[in-house]
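Undergrad: I'd like to ask some things about the structure below.
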Amino acid sequence: MQRTLKPTIWLVTGLLLVLALAACQPAVVETPAATEAPENYPAPQQEQAVVEQTNTLYPEAASGSEVSWAQAFGMLMNGEISEILGAKAEKITLMLKDGRSLQALQPAIGDIQRVIENCGEPCAAVQLSD
């Protein structure tokens, strides 16, 4: 009985191997040509959006609002600040060149002075007031 099972086992093993190899083959995917456009899709529309270009980092910050120290630092490095009030206090007032005034908390009193000293050209005209 063993002799009759050997060919059957080899046949089944071979068929399983063929099926496994066939399953591992990548599928053939046909992509439509670039010139073919389905008729049920509308043509793309060109929108005429008007985008106001500003050089400020945070144009959405309203005058009188408080910003984070990171935002204040970014505005300072971007050259947006003309004057800083309360430099020796924890809460400082930033007077921006566009006329807005914002408030921020220094991590430590005097940090704003150290930043301005190391800032270079963007901070050259910034006035500090106690």
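Undergrad: Taking the inverse of the average 1/r across all pairs of different Cα atoms in the stretch 69-129, what Kirkwood radius in Å do you get?
TA: Result for the stretch 69-129 stands at 11.1 Å.
Undergrad: Test of understanding: what is the full-extension gain from Ser129 to Leu16, defined as 0.36 nm times their sequence separation minus their Cα-Cα distance?
TA: Net length gain for the segment: 32.3 nm.
We did not get these values from a lab; they are worked out from the coordinates using the rules stated. What you see is a predicted model, and the numbers here were worked out from it, not measured in a lab.
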